[in-house]
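Below is one structure, written out as structure tokens, with a few remarks after it.
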Amino acid sequence: MAGKNERQRRQAREKHRRQQEQRLARQRQVRRRWAIGTLAVLVAAGVGTLLLIFLPGGTPKKAASASKSPSASPTATATAVAEPAHHCSYASATPVAKKVSFPAATPDYTDSYQATLNTNQGKITFNLLNNKATCTVNSFVHLAQAGYFDNTQCHRLLTSGIYVLQCGDPYATATAKLDCSSTSKIGSGTPGYDFASENLTGAKYPAGTVAMANEGSATTNGSQFFIVFKDSTSGLTASYTPFATVSSGLGIVQNVAKDGYSCQYAQSGGGAPKKKVIIDSVTIKKT
């Protein structure tokens, strides 16, 4: 009997340890996947210095090399390419917020696209920069057409030094409560793959820029993106792929920013927008 009780206590301790490890792993994933990292403003000798503190991401799972098939297999490592790209590489990544196929490895690099976010606040329209960020546009168009962004919330707002609204994580469902909890998965989601950054040479982030969020590494772009609603060039380094410009609806984002946060993310900076922005769907049109 004593042996049985000891075994039960040992099993209970082991179960508690596993639960603790899983909880810590979820917290690390959320901290890693925030787009721009925690903002810290240091003031020394009367000069303010804006530091971007990245929280690097985890190691992607290895997989087979990409082919030129219509639905490319994942590669082991996402690699940079010359623009406009004639071939794209996508590497496996976790956690998978919503299951979706990989984009085609051979993009339509000569086409021009327009994307419209159909939101509860109104329509926000982008002109996609396919000749400068081909593989990024290829992925965004693929995800939009697959319904990946449908019924998701823009989950993060930054209004100091960097002025952006971040979207594109299906963990932030239309009905999810954005409570800024450190244990929430929101902010960590990927489409199951990531890819290399593009269009970074001389990159600037004026109002109306749409750029990819990443984990602080040039090969960790996934589905999350941000809309710049006020010039953030001085606050952002050229580390985030600009892949579109807003042609209409920027005022919607600016009005959301005016309302501020409902809560703040203690570890990553910014907060959950007080005014909900729900993406009902994304429409893609060739122009």
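The values are calculated or read from the model by the stated rules, or taken from the named source; none is laboratory data. For clarity, every value in this text was computed on a predicted model and none was experimentally measured. Every residue, glycine among them, receives a Cβ derived from its backbone with ideal geometry; neighbour counts consider all protein chains shown. Calculation scope for accessible area: heavy atoms of the full protein, side chains included, ligands and nucleic acids excluded. Shrake-Rupley method; radii C 1.70, N 1.55, O 1.52, S 1.80 Å.
A cut-off of 5 Å between modelled amide H atoms, ignoring neighbours fewer than 5 places along the same chain, links Tyr261 with Lys274. Shown is the FRET efficiency for Ala82 and Ser248, computed with R0 = 30 Å from the Cβ-Cβ distance and rounded to the nearest 0.05: 0.45.
Determine the sum of side-chain charges near Ala207: Lys and Arg each +1, Asp and Glu each -1, restricted to other residues whose C-beta is under 15 angstrom from that of Ala207. Net charge in that neighbourhood comes out at +2. Evaluating 6.51 cos²θ - 1.76 cosθ + 1.60 at θ = phi - 60° for every residue in the stretch 110-115, the Karplus couplings come out as 9, 7, 10, 10, 10, 10 Hz, glycine and proline recorded as x.
For His87, the solvent-accessible surface computed with a 1.4 Å probe is close to 60 Å², ligands and nucleic acids excluded. Do the alpha carbons of any pairs in Lys185/Lys286; Lys230/Lys276; Lys99/Lys258; Lys230/Lys274 sit beyond 24 Å of each other, and which pairs? Checking Cα-Cα distances, Lys185/Lys286; Lys99/Lys258 exceed 24 Å. One Cα centroid belongs to the stretch 132-207, the other to the stretch 98-128; the line between them spans 12 Å. Residue-wise HN-Hα couplings along the stretch 173-190, as the Karplus relation 6.51 cos²θ - 1.76 cosθ + 1.60 with θ = phi - 60° gives them from phi, are 5, 4, 9, 5, 8, 8, 9, 6, 5, 6, 9, 6, 7, 4, x, 10, x, 10 Hz; Gly and Pro carry x. Calculated FRET efficiency, Lys123 to Ala266, Cβ-Cβ distance, R0 = 25 Å: about 0.15 to the nearest 0.05.
Close amide H contacts of Arg156 (hydrogens built in the peptide plane, cut-off under 5 Å, sequence separation of 5 or more or a different chain): Gln166. Amide H contacts under 5 Å for Thr119: Ile124, Asp280, restricted to partners 5 or more places along the chain or on a different chain, H placed in the peptide plane at 1.01 Å from N.
Specify whether the C-alpha gyration tensor of the stretch 117-259 places it in the rounded, prolate or oblate class, a ≥ b ≥ c being the square roots of the eigenvalues: rounded for a/c under 1.5, otherwise prolate if a/b is larger than b/c and oblate if not. Rounded is the answer for the stretch 117-259, as its axis ratio a/c remains below 1.5.
What aspartates and glutamates does Lys285 reach when the alpha-carbon gap must be under 20 Å and sequence neighbours fewer than 8 apart in one chain are set aside? Within the straight-line cut-off, Lys285 pairs with Asp108, Asp111, Asp150.
A cut-off under 14 angstrom between Cβ atoms defines the neighbours of Thr119, and their net charge, with Lys, Arg +1 and Asp, Glu -1, is +1. 3J(HN,Hα) along the stretch 243-255, derived from phi through the Karplus expression 6.51 cos²θ - 1.76 cosθ + 1.60 where θ = phi - 60°, amounts to 10, 6, 10, 6, 9, 7, x, 4, x, 4, 5, 5, 5 Hz, with x in place of Gly and Pro.
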